[in-house]
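Report on the structure given below.
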Amino acid sequence: TRARISIDREFTVSEVPHRLFGSFVEHMGRCVYTGIYEPGHPEADGQGFRRDVLALTKELGATVVRYPGGNFVSGYNWEDGIGPVADRPRRLDGAWHTVESNAFGLHEFVDWSRKAGTEIMEAVNLGTRGVDAAREIVEYANHPGGTRWSDLRAKNGHKDPFNIKLWCLGNEMDGPWQIGHKTAHEYGRLAQEAAKAMRLVDPGIELVACGSSNSGMPTFGDWEHTVLTHTYEEVDYLSLHAYYQEQDGDAASFLASAVDMDHFIESVVATADAVRAKGRHKKHINLSFDEWNVWYSRPGDPDSPEQVTTRPWQEHPRVIEDRYNVTDAVVVGTLLNSLLRHGDRVKIANQAQLVNVIAPILAEPNGPAWRQTIFHPFARMAELAKGQVMRTVVDSDKVETARFGDTDLVDASITWNEETGRMALFLANRGLDEAAEVEVRLGGFDAGELTRAEVLDVPTGLDRFAKNTLELPNQVGLRPLTGVTAAGGQLTLTLPALSWAV
Ligand code: AHR
């Protein structure tokens, strides 16, 4: 396989959006309880936060974390999670058929976020609740004091406001599975009024309206158009969600998932801009890809959403604890490439979720925490994608895929940090059997020194399904990539078959 990649110093896409490396913590399965929070665990700090998971969250480099859902938020009363823990109600969470103890709530999440060094992206319930609860949580979180809700925050231990900037107006409201599911008109009007009321409390907040739950929804396109027609002036972002999986052994199509993501993003940008044109609006609506990942839907699995509803009500059951392999890591790397390449319009992205539930981090109750395969491309990109996203032209040999047509075997994104003079290249070889010879032309640059080159590929003696397990937590990871040459604005390298490299 051969590929030639070209960039030019003059052709940039945008600044690397800081919030592109976001994650997601939902009250779902074991993401909160026995994930980030497990009092009594040997690694728990004084507040019950797992230090091992906090350390891995920092290493992952997550910049912003969405909370508390997800489907969970559409039936959630945020007031249940404040005040003395002993007084908090135990409730049934219909979204995941779970008993919610409310031992962990808003204050705990704020404290956890400070320890993790992450920004908060807070979702409000527009399923069973509405304008009033939405404006009240903003008053509770962000108003300095002297009012009912802000004084209650102080009484509950936080005198200073939380100053939460980023808010989601509900979650997946087009989904029939959503508690309080709505039509586009119903949701559009509600989101518009909630946004207005929330901004009257704090004009400095940024708001995300719900787009379609995925691009396969029958209402996709119409939903975006109608919702934005109502909310255009009141919101800043529109959300996108996408989960990918290998189906029927079709690895080629699975590895081309980023082609679908590119197309999805460009379709939503087109729709948002059409509403802008028709409404004679001045500003642009940007995108918040606030749920994305690989997620294997296996309805028969005991921890699948389908089976969870058939089990007795219980606290934090195991739900969709997917174990990721080498192929999944390569796909995750290409999905991050797609997000980065669209950094001019995708300003926020959250991998779903952070720990245990379809997550880069696994943590056993009363046991260790470790990195899944998909942890590695995320962590490296969060660490190294700095400065400008470069417009990247790829001329690659192709593979024919059943679901997404002819697809480049080599996928790439490139960033350039003018201040440090460092460039970062994120490359994937989708070919299952062949190495790829790659030539990169760095127009206008005099690339001289190679500081680092690493690759994630199939470990010797294993296959593309290799994973990291409790027993072998470091089986799949990054190793040095040798044979990379950089001279006179040109780079040459060989990507092993099925690999992701930086
Ligand atoms: O991330 C898991 C679930 O996927 C979320 O709760 C929901 O928003 C989506 O359907």
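None of the figures in this text is laboratory data; all of them are computed from the coordinates on show. Please read all numbers here as calculations on a predicted model, not as lab measurements. Don't worry about glycine lacking a Cβ; one is built from the backbone with ideal geometry, like all the others, and counts go over all protein chains shown.
For segment 6-31, give me the residue count where each residue is within 16 Å of the ligand (Cβ to nearest atom) and outside any loop (DSSP other than H, G, I, E, B). Give the steps one after another, and end with the answer.
Of the residues in segment 6-31, the ones within 16 Å of the ligand (Cβ to nearest atom) are 22-31.
Now restrict to residues that are outside any loop (DSSP other than H, G, I, E, B): 22-24.
Qualifying residue count for the region: 3.
Hey, could you check segment 464-473 for residues that are in a loop (DSSP other than H, G, I, E, B) and in contact (Cβ under 8 Å) with a residue 60 or more places away in the chain and say which is farthest from A329 (Cα to Cα)?
To start, the set of residues in segment 464-473 that are in a loop (DSSP other than H, G, I, E, B) comprises 464-466, 468-473.
Add one more test, that the residue is in contact (Cβ under 8 Å) with a residue 60 or more places away in the chain, and what stays is 464-466, 468-470, 473.
Values: R464: 10, F465: 10, A466: 11, N468: 11, T469: 15, L470: 18, P473: 15 Å.
Selected residue: L470.
Of all the criteria given as (1) within 16 Å of the ligand (Cβ to nearest atom); (2) buried (at least 18 other Cβ atoms within 10 Å of the Cβ), the one not satisfied by A184 is (1). Looking across segment 290-329 at every residue that is more than 15 Å from the ligand (Cβ to nearest atom) and in a strand (DSSP E or B), the one that is surrounded by the most Cβ atoms within 10 Å (Cβ to Cβ) is identified as N325.
Number of residues in segment 194-211 that are part of a helix (DSSP H, G or I), out of contact with any helix residue (DSSP H, G or I) (no Cβ under 6 Å at 6 or more places or on another chain) and not small (G, A, S): the value is 3. E15 - would you say it is surrounded by fewer than 19 Cβ atoms within 10 Å (Cβ to Cβ) and closer than 24 Å to E206 by Cβ? So E15 fits the description; yes.
Looking at segment 346-353, is at least one residue surrounded by fewer than 24 Cβ atoms within 10 Å (Cβ to Cβ) and touching a residue at least 12 places away in the same chain (Cβ under 8 Å)? Yes, some residue in segment 346-353 is surrounded by fewer than 24 Cβ atoms within 10 Å (Cβ to Cβ) and touching a residue at least 12 places away in the same chain (Cβ under 8 Å).
Within segment 434-455, is even one residue assigned to a strand (DSSP E or B) and either without any contact (Cβ under 8 Å) to a residue 60 or more places away in the chain or under 14 Å from H376 (Cα atoms) (or both)? Looking for residues that are assigned to a strand (DSSP E or B) and either without any contact (Cβ under 8 Å) to a residue 60 or more places away in the chain or under 14 Å from H376 (Cα atoms) (or both), one finds at least one in segment 434-455, hence yes. Take the conditions (1) more than 22 Å from D8 (Cα to Cα); (2) over 24 Å from the mean Cα position of the chain (by Cα); (3) not small (G, A, S); D457 misses just one of them, which is (2).
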